[in-house]
6 protein chains.
Amino acid sequence: MEVLRGIDGDAGTDVLASLADVSPELAHQVAAWGFGEVYARPALPPRERQLVTLGMLTALGGCEPQLRVHVNASLNVGLTPQEIVEALLHSAVYCGFPRALNATFAAKQVFAERGLLPVAPAAPAAPAAPAAPAA
Amino acid sequence: MEVLRGIDGDAGTDVLASLADVSPELAHQVAAWGFGEVYARPALPPRERQLVTLGMLTALGGCEPQLRVHVNASLNVGLTPQEIVEALLHSAVYCGFPRALNATFAAKQVFAERGLLPVAPAAPAAPAAPAAPAA
Amino acid sequence: MEVLRGIDGDAGTDVLASLADVSPELAHQVAAWGFGEVYARPALPPRERQLVTLGMLTALGGCEPQLRVHVNASLNVGLTPQEIVEALLHSAVYCGFPRALNATFAAKQVFAERGLLPVAPAAPAAPAAPAAPAA
Amino acid sequence: MEVLRGIDGDAGTDVLASLADVSPELAHQVAAWGFGEVYARPALPPRERQLVTLGMLTALGGCEPQLRVHVNASLNVGLTPQEIVEALLHSAVYCGFPRALNATFAAKQVFAERGLLPVAPAAPAAPAAPAAPAA
Amino acid sequence: MEVLRGIDGDAGTDVLASLADVSPELAHQVAAWGFGEVYARPALPPRERQLVTLGMLTALGGCEPQLRVHVNASLNVGLTPQEIVEALLHSAVYCGFPRALNATFAAKQVFAERGLLPVAPAAPAAPAAPAAPAA
Amino acid sequence: MEVLRGIDGDAGTDVLASLADVSPELAHQVAAWGFGEVYARPALPPRERQLVTLGMLTALGGCEPQLRVHVNASLNVGLTPQEIVEALLHSAVYCGFPRALNATFAAKQVFAERGLLPVAPAAPAAPAAPAAPAA
């Protein structure tokens, strides 16, 4: 639960609280297994877990409530709004525009709640290819 | 095309070559738009784009050929086999075990081709919560 | 239509009624084919059809309206709230937590409308493995 | 942008406008690549592109906002409400009833806004097989 | 069955024949309901049903066997290889490149079997916007 | 592991064994969490868990390897081939024919391996509505 609170903040604990009268066991498994057993493993830092998670939730579709929790979590572990927006732009290549648009509007809602709009555009690409700077 | 070759290596260019007699325009759009317009943007480094991509391809399902290309690409831009395997373990929480298993077996095939098996397990989790190391 | 009314109750017939001015043929096919030709077949009892259906609607995602109809239907054919909640917990293993959470909240809405909250937790697991009680 | 406005009308440009403060680059790519590079290609007329698109958005699920934009676009390029409804009935065979129902209700919302309800049913099928009437 | 044979040819009837010893009822429902009740309706011609179907099967993913049957069917009802390839290029905008690539390779397999490779590229786009030819 | 072996038999343990050199942690989580924590809960018997699982795997698509494991498991916990085939026919209503066909062919492969072909068709439906035989 500490891991979860540190990453998701109130948004995550609110979701679990709302399970209390319908499926406390599901709440327990999200916290104990999802966060305790998997998320807390040190082999990948929270920032990178969030990038994988944003990709998955965008691709799955229909996961806007979870996207909002995880956009919040992504900000909490150090991703900037620009980086989140870039990850969702990147998702258009693999999932198509509808999924990318839905995810971006879910992120916009979180940014609005946290007073982070407008998102400053990322700096324009330098002319040289950035993927192989030393080649 | 340089961006693509730098990241995907031969696996990516082979896919595009096999489109030449059926849909050269799709090959052109993958290279020109997917890689030239989106991937090459500096707002997110290749390593982090690959983490988002691994998450998406795992979640989409039925994308084993693309997963193999992108596991290769992930190794090319500096992710270790342990980190890739950890991202796919993480995906089980959000996509369920079947998608995580299919993606892990696709990764295993690439690791085998590159002589990277067995993958050494990640170091066991330290007792303290890793998400907030300084707290 | 009798089969449909017996299983889905008003929730199902309301859906079909709202199709009357846009696609009466789709309403006809849901009733005549979905319920008349397939659902009514005796080879699987309604209770077991509902379990398969809950699994499918959870896995598909974005089917919360249909989940509400089928949680109602599941109660109508004899599944208890505990069993429904357990099926959705089970779904987390195969579809991941986001789908399981969305489905559980759809179920919670139906339970609330029918005065079935809070759902009493299932009895804790007995120490012996239940899958092979005699082994 | 002209292609987009000609096809999607205000619904499409409103979506892009709402991206201005969160991901102007995504708006740019939808317009420049999605519409400028792909949609505008003459190899398939807009009417037929819309049929493919309605099929995809129905199958993806969770794309009701995009479906509403594209039902509008489909009307704009000459598909009739009957043809749209028929395409969505057809989708039930390949995607199942839940996806077909969700898409039909999204279409109904657009038809209501444009004063196109009730949709007159398509003429009943002639007794002879329509797929090969004379050949 | 006549409708099915006229559209799908041997590929479709082979699928149904291979169901005979496992689920003759599913074969019956594909033929009687999918083709007899829905496909044969005159409100949308076979050519346009195939475009919707190609979109759906591409978006669903994991339906390469069905895509091969329906690429064959699309050729049988008058779509050209160029139009099929264009529909699949179009799908990249909505479903992303992985689904578009998988579908294009399934189509390539059918084109190869029917001696239709290489597919001649569509004529380059005329400078004027094709979506509004009279403007 | 005992629960898993009792249900899945060799097919399940083979999958886990093949993870040993790539992701032993994923194998551990499938066994410890999927089977130990969730599957073994007595609130739903194995037969009914398998019905939910067959529905999910069919709906997800691209999970043919997992379907084969779970068709085996379904037979092991007492479902008959006829009941499995009926569940997959039922899935066509909710997931469409392509997913139902892919799942049925995966089941056929398992039935062939276990000498269970041909599957005797279910008894034809009695004229009275089976959903409410006595009410």
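In the stretch B:56-76, what residues are open to solvent by 40 Å² or more (accessible area, probe 1.4 Å) and either under 18 Å from F:Val22 (Cβ atoms) or in contact (Cβ under 8 Å) with a residue 60 or more places away in the chain (or both)?
Matches in the stretch B:56-76: B:Glu64, B:Arg68, B:Asn76.
If only one of C:Val3, C:Val77 is within 11 Å of the chain's Cα centre (by Cα) and among the β-branched types (Val, Ile, Thr), which one is it?
C:Val77
Would you check if there is a residue in the stretch B:81-103 being at positive phi, facing another protein chain (nearest Cβ under 7 Å) and of a type outside the set (A, V, I, L, M)?
Checking the stretch B:81-103: at least one residue is at positive phi, facing another protein chain (nearest Cβ under 7 Å) and of a type outside the set (A, V, I, L, M).
Within 23 Å of B:Ala107 (Cβ to Cβ), within 12 Å of chain C (Cβ to nearest Cβ) and polar (S, T, N, Q), is that true of F:Gln50?
no
Against the definition (within 19 Å of A:Pro98 (Cβ to Cβ) and open to solvent by 10 Å² or more (accessible area, probe 1.4 Å)), how does D:Glu2 come out, yes or no?
Criteria not met by D:Glu2.
What are the residue pairs meeting all of these: first residue in the stretch E:107-119, first residue in contact (Cβ under 8 Å) with a residue 12 or more places away in the chain and closer than 14 Å to E:Ala11 by Cα, second residue assigned to a helix (DSSP H, G or I) and open to solvent by 60 Å² or more (accessible area, probe 1.4 Å), Cβ atoms under 7 Å, and 6 or more apart or on different chains?
Matching pairs, first to second residue: E:Gln109/E:Arg68; E:Val110/E:Arg68.
Counting just the residues of the stretch A:5-35 that are in contact (Cβ under 8 Å) with a residue 40 or more places away in the chain and open to solvent by 20 Å² or more (accessible area, probe 1.4 Å), which one comes out farthest from the other protein chains (Cβ to nearest Cβ)?
Here the answer is A:Ala11.
Specify which of the listed residues (B:Gln109, B:Gln50, B:Gln82) is at pLDDT 95 or above, surrounded by 23 or more Cβ atoms within 10 Å (Cβ to Cβ) and among the polar types (S, T, N, Q).
Answer to the check: B:Gln50.
Against the definition (modelled with pLDDT of 95 or more and either more than 7 Å from every other protein chain (Cβ to nearest Cβ) or touching a Cys at 6+ places or on another chain (Cβ under 9 Å) (or both)), how does F:Ala59 come out, yes or no?
In short, yes.
Is it fair to say D:Leu60 is of a type outside the set (D, E, K, R), under 10 Å from the mean Cα position of the chain (by Cα) and closer than 25 Å to D:Ala106 by Cα?
no
Just checking, does the stretch E:93-104 include any residue being of a type in the set (D, E, K, R) and either crowded, with 24+ Cβ neighbours inside 10 Å or over 23 Å from D:Glu86 (Cα atoms) (or both)?
Yes, that holds for at least one residue.
Provide a single number: the residues in the stretch A:36-55 that are free of Cβ contacts under 8 Å to residues at least 12 places away in the same chain and among the hydrophobic types (A, V, I, L, M, F, W, C).
Selection size over the stretch A:36-55: 4.
The values are calculated or read from the model by the stated rules, or taken from the named source; none is laboratory data. In this text the structure is predicted, and so the values were computed from the model without any measurement. With ideal geometry, Cβ positions are generated from the backbone for all residues, glycine too; neighbour counts draw on all protein chains shown. Accessible surface is based on the protein model in full, side chains and every heavy atom, while ligands, DNA and RNA are left aside. Shrake-Rupley method; radii C 1.70, N 1.55, O 1.52, S 1.80 Å.
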